[in-house]
Amino acid sequence: MVTERGGSARRQLSGGPAAMGTVDLKDGANAVAINLLLIVRPERKGQRDGLKDGAGLQDDGNGNSRPQPPPKKDLSGQQGPKEPHKQKQTVTSYTNEGTQVTVEVHPKGTSPQFFKKLSFGKGPRRVPSLRGQDNKAFERTEVPRPPSTKDLHVYPWDKSSLKSLAVDLQKFEKLDAYALKVNTKGSVEELVQILLKQAQTDLEKVRAIWMWICHHIEYDVVGFHNKSLRLCEPTDVLRTGKSVCEGYAGLFQKMCSVAGIQCMKLSGYSKGYGYKIGQSFQGNSDHAWNAVYLDGRWHLLDSTWGSGTVDDALTKFTFRYNEFYFLTHPALFVNNHFPDNSNWQLLKPTLTLKQFESNLQHNSDFYKLGLLTAHPHTALIQTENGTATVSVECRPSTLFTFKLAGTEEHGLLTLRKQGMKLELYPQKTGRQELQIFARPSKSTEEVYTCVLEYIVECKSVDKSRCFPKDLHQPVGPSWFTERQGFLRPSHPDPIIHTNDGRCSLTFTLGKDISILASLHADSSGLSEETGRQHIMQIHRGNQVEFKVHLPHAGSFVLKFFTKKKSDPGSYSFVFNYLITCLNTEVKWPAFPLRYSKWAEGYELLEPLSRLLPANRNVQFKLKMQGISKVLVQAGDTHTLTLSRDGFWEGTCNTAGCTELFVMVHENANHGYYSHILKYDVEAQ
């Protein structure tokens, strides 16, 4: 028995596959006796159990039964005029399993005419189209079916496509532009009829509906906070131009139904506004979205999230179209959408709620920037021996940075050709928020977007990994530094360890590249100018070597800056290394002071220390091309000799002087010398 209540009328219908009877409908003071002919099409075999059949009820595939839309609405969206009781009325209803219930209503005293042909075929049933109108733009909607094996996608994501259906967005440009311009205050039916003028296929119809809703319906921030002011019926959403997720999904479903597209409104949990990393989900669903049936499969979309964003206080909505949530691949959709009915994950295997809660959330920007996967997969990271590692895989060249507890000091981020690696060394125990940011390397705007958020739980601190404040992320050479002209680095790792306080790095340089290097440290009184004097730069053709002598033990940052030789502008930072030395006996003096006449191709082999011993004979050896004479000026002036192998060599005594200079005579026709190096002599 099926009982249906509507207004003050109550109808009780019973019978087998075909039944006829009489029932009184009482409405106010009027009473009408009518004959009923009830035809019931049996449930098709092979359908799943647990769905409710009944006149006027349809399973939504999400575990709920809902009333069928009232019949006989015209294109204005209003209820049509009541017909005289003498006319026969035929009402047909379908369930989600394909069972058809047909009721003929006749005036009392008339004889019903049985249908001449009854079909019990297994094919899908179609809902009647709009009556009394031009229906060329509309199709009859097939009965929505629950997901089956052919709808399922493999989990985890196979890194193939962001969408579950191959879509060429360029082919949608004209349709999208048309949908955005459509503006009508009429009924849902009228709106759909106008939209479908430029849509031919089912995919184009869905696209037109999607684009219109995402660009014309704003999120109702007032209704979100005050349920009594919330309007979710499709006609109300269309009239007011705003709603919450329930209204977005309901309007989308209604418009698809009018357009002849199978569409379901789904509900479940979401990692949207107000979500906290690692939180548990319980109680009622907090979000609604849709599934549409295209090309023989179900596909997922979320027009609420596709339309825009809200501020942190959820007091202001901003239209910001998001293509990602249109026909999103189910393995990506489940990152932040967990349906009440797990079948609507459209995945094999499906995720449990516990997995959904613990899994790392990848927002849409993560995938729109071309990122593929991140490790760990869980949102909560626990350190081991004071450290933890995060990695991201991506296809294109992407730049990254991070913030741990609001700073980027406590980690080492290195770029890879296919992503990045981040080693974390928290300097305090407890839970701390980790944010990872990314941007395309070719972007003209140096704006990084947050793509991942973790919670790092630190149980112990590794104090040996306290990095200098001048260390910039990312650290070490990479594909990015290669683009800037630093090729074939001798040290590919971001950290250089030295026991005696000295190290040497070499690169092959790109064309037209000029380089500067500087050395920095915390709490050592090492100024930028002094730090530069602890670096000796040597050019040999397209090769460049950097000799570094540390002034003391500790951690240092070696920074590199470049510019084009042909560019008169300033140098730009490219990357840096971290240099560490634990030997407390290390105390190297600076290299000799180099004057402006010290040319790029010059090379000093000895002496490398700026501070020379007093009263000693000091050996000098330099390599310089295009020089006619070299002098060393101390207490006396000494001339260096050019050897057969191209080195200027000689000895000078430091007795009786506090400073020593190296001078060159560049042109034999000129009578003056240029200072190129300066040394200090120890006090006697």
query: To two decimal places, what compactness ratio does region 162-250 give when its Cα radius of gyration is scaled by 2.2 N^0.38 Å?
result: 1.17
query: Ratio of Rg to Rh for region 557-597, alpha carbon only, Kirkwood?
result: 1.11
message: Can you give me the accessible area per residue for region 351-462, using a 1.4 Å probe, in Å²?
response: 46 Å²
message: Whole-Hz ³J(HN,Hα) for each residue in region 505-513, computed from phi via Karplus 6.51 cos²θ - 1.76 cosθ + 1.60 with θ = phi - 60°, x for glycine and proline: what do you get?
response: 10, 10, 9, 9, 9, x, 6, 6, 10
query: Could you give the dipole magnitude of region 479-581 about its Cα centre, charging the beta-carbon of Lys and Arg +1 and that of Asp and Glu -1, in debye to the nearest 20?
result: 360 debye
query: Of the heavy-atom accessible surface of region 366-458 (probe 1.4 angstrom), what whole percent is carbon and sulfur?
result: 44 percent
- request: Kindly report the accessible area of region 593-681 per residue (heavy atoms of protein chains, probe 1.4 Å, no ligands, DNA or RNA), in Å².
  value: 52 Å²
Region 597-614 - phi-based ³J(HN,Hα) in whole Hz, Karplus 6.51/-1.76/1.60, Gly and Pro as x: 7, 6, 7, 4, x, 6, 9, 9, 9, 6, x, 8, 8, 5, 8, 9, x, 7
query: Considering every pair of different Cα atoms, what Kirkwood radius, in Å, is found for region 366-458?
result: 13.4 Å
- prompt: Which pairs in the list LYS563/LYS629; LYS265/LYS316; LYS547/LYS597 are over 29 Å apart, alpha-carbon to alpha-carbon?
  reply: LYS563/LYS629
- prompt: P(r) tail for region 506-562, what percent of Cα pairs lie past 14 Å?
  reply: 53 percent
- prompt: What's the long-distance tail for region 479-581, i.e. % of Cα pairs beyond 22 Å?
  reply: 28 percent
query: When the solvent-accessible surface of protein heavy atoms is calculated with a 1.4 angstrom probe, in what order do GLU204, GLU189 fall, highest first?
result: GLU204, GLU189
statement: Once normalised by the length of region 369-427, the mean sequence separation of its alpha carbon contacts under 8 Å that are 6 or more apart gives a contact order in percent of 36 percent
- request: For region 532-615, would you read off the P(r) tail past 17 Å as a percentage of all alpha carbon pairs?
  value: 60 percent
query: Counting only protein heavy atoms and using a 1.4 Å probe, what share of the accessible area of region 547-684 belongs to carbon plus sulfur, as a whole percent?
result: 47 percent
message: How large a share of the accessible area of region 169-351, in percent, is made up of carbon and sulfur atoms when the probe is 1.4 Å and the other protein chains stay in place?
response: 47 percent
statement: Burial-style ranking of 594-606, 501-513, average other-beta-carbon count within 10 Å with highest first, yields 501-513, 594-606
- prompt: Just the accessible area per residue of region 479-581, please: how many Å² with a 1.4 Å probe?
  reply: 44 Å²
statement: Of the listed links LYS421/LYS463; LYS417/LYS459; LYS205/LYS242; LYS463/LYS587; LYS181/LYS442; LYS348/LYS403, those spanning more than 25 angstrom between alpha carbons are LYS417/LYS459; LYS181/LYS442; LYS348/LYS403
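The values are calculated or read from the model by the stated rules, or taken from the named source; none is laboratory data. Computed from a predicted structure; not experimentally measured. For neighbour counting, all protein chains shown are included, and Cβ atoms are generated from backbone atoms with ideal geometry for every residue, glycine included. All accessible areas refer to the heavy atoms of the entire protein, side chains included, with ligands and DNA or RNA removed. Shrake-Rupley method; radii C 1.70, N 1.55, O 1.52, S 1.80 Å.
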